[in-house]
Amino acid sequence: MRKQLIAGNWKMNKVLSEAATFMIALQAKHWPEDREVLICPPFTSLHALSKELEGSKIFLGAQNMHFKENGAFTGEVSADMLLDLGCSYVILGHSERRQVFGEDDTLIHNKVKTALKKGITPILCVGETSEERRAGDTKQIVKMQVLHGLEEVHDIEDLVIAYEPVWAIGTGENATPQQAEEVHAYIRSLIYGKYSKRVADKLRILYGGSVNPANVKELMAQEDIDGVLVGGSSLDAEKFSKLIMHDVSENSFSTENQ
Ligand code: PGA
């Protein structure tokens, strides 16, 4: 049984005071044990939030890292630095990193290898653009990104893949549950082919792209969707806690203190 992962990617949003306010509000919420909740804030909030989250059930992750262990890489952050701050996860190969910062599959698989070696769970992001989907190339693109992203990676016991169609990110136009499930099942079959059935059955595959409290339930009902990676709807603690509960009703979550 794969444990659900509900992950918030704040991107370049929230100064420290806003991040702290969010975390106080989210920690007051309750959710069932069957799901893991992860927040990936900007680097600048990691230190303070790791202190705030000591003893909490909320996991902390980063949005990027460098693949080298240390050295002359101005502006970069290493795996050890993230571990030092209590990060359990790191998002790698997000489409904004690929498109805006020119990251390619070689760079991304180097990062994946380093994260796995260091014991941080990589969330490897893949997904096609709208042109690629229209051209019928979705599976081919996803296959290339998954297989190149995992090149020379032999052990993926501790890895998460996020399918995030680029056309759905930040647009309000999410993939339908059927569209998402089709790609998720395909990704699982690729992992089966490259590794084994046991590894494929264990792998968590998240969907990302305009996930909100109204559409999360149907997405999560799909067999191969094991969680969600959420941008915009993760910025508000009330909205995000509704999303964690997969329920739009106002009374679906508790606000008691932990
Ligand atoms: P979105 O972003 O939920 O705002 O579409 C998702 C992501 O980029 O991870």
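The values are calculated or read from the model by the stated rules, or taken from the named source; none is laboratory data. For clarity, every value in this text was computed on a predicted model and none was experimentally measured. Glycine gets a Cβ as well: all are built from the backbone with ideal geometry, and neighbour counts include every protein chain shown. The protein model used for the area step is the full one, side chains on, heavy atoms only, and it has no ligands, DNA or RNA in it. Shrake-Rupley method; radii C 1.70, N 1.55, O 1.52, S 1.80 Å.
Cβ separations smaller than 9 Å between residues 6+ apart or across chains give the following pairs from the stretch 35-53 residues that are within 22 Å of Val160 (Cβ to Cβ) to residues that are among the β-branched types (Val, Ile, Thr) and in a helix (DSSP H, G or I): Arg35/Ile244; Val37/Ile244. The helices (runs of 4 or more DSSP H) found entirely in the stretch 96-171 that carry 2 or more residues being surrounded by 16 or more Cβ atoms within 10 Å (Cβ to Cβ) and in contact with a helix residue (DSSP H, G or I) (Cβ under 6 Å, 6 or more places away or on another chain) are 105-118, 138-149. Within the stretch 214-231, the set of residues being over 13 Å from the mean Cα position of the chain (by Cα) and more than 12 Å from the ligand (Cβ to nearest atom) comprises Ala214, Lys217, Glu218, Met220, Ala221, Gln222, Glu223, Asp224. Residue under question is Asp201, and the condition is that it be away from the ligand (no atom under 16 Å from the Cβ), within 26 Å of Val216 (Cα to Cα) and not in a helix (DSSP H, G or I); does it hold? So Asp201 does not fit the description; no.
Residues that are in contact (Cβ under 8 Å) with a residue 60 or more places away in the chain and more than 18 Å from the chain's Cα centre (by Cα) within the stretch 54-64 comprise just one, Ser56. Checking Ser196, Ser189, Ser234, Ser210 one by one, the residue that is more than 16 Å from the ligand (Cβ to nearest atom), of a type in the set (Gly, Ala, Ser) and in contact with a helix residue (DSSP H, G or I) (Cβ under 9 Å, 6 or more places away or on another chain) is Ser189 and no other.
Those residues that are open to solvent by 10 Å² or more (accessible area, probe 1.4 Å) and closer than 18 Å to Gly93 by Cα, I need them from the stretch 194-209; list them, please. Give the derivation first.
Of the residues in the stretch 194-209, the ones open to solvent by 10 Å² or more (accessible area, probe 1.4 Å) are 194-199, 201-202, 204.
Listed by number, the list holds a single entry, Arg204.
Evaluate the stretch 173-181: report whether one residue or more is polar (S, T, N, Q), under 13 Å from the mean Cα position of the chain (by Cα) and within 16 Å of the ligand (Cβ to nearest atom). No, there is no match, as no residue in the stretch 173-181 is polar (S, T, N, Q), under 13 Å from the mean Cα position of the chain (by Cα) and within 16 Å of the ligand (Cβ to nearest atom).
Among the conditions (1) at pLDDT below 95; (2) under 25 Å from Val230 (Cβ atoms); (3) out of contact with any strand residue (DSSP E or B) (no Cβ under 9 Å at 6 or more places or on another chain), the only one that Asn174 does not satisfy is (3). Screening Ala79 with (1) of a type in the set (A, V, I, L, M); (2) touching a residue at least 60 places away in the same chain (Cβ under 8 Å); (3) closer than 24 Å to Gly208 by Cβ gives one miss only, at (2).
Checking Phe101, Phe73 one by one, the residue that is more than 30 Å from Thr138 (Cα to Cα), over 14 Å from the mean Cα position of the chain (by Cα) and not hydroxyl-bearing (Ser, Thr, Tyr) is Phe73 and no other.
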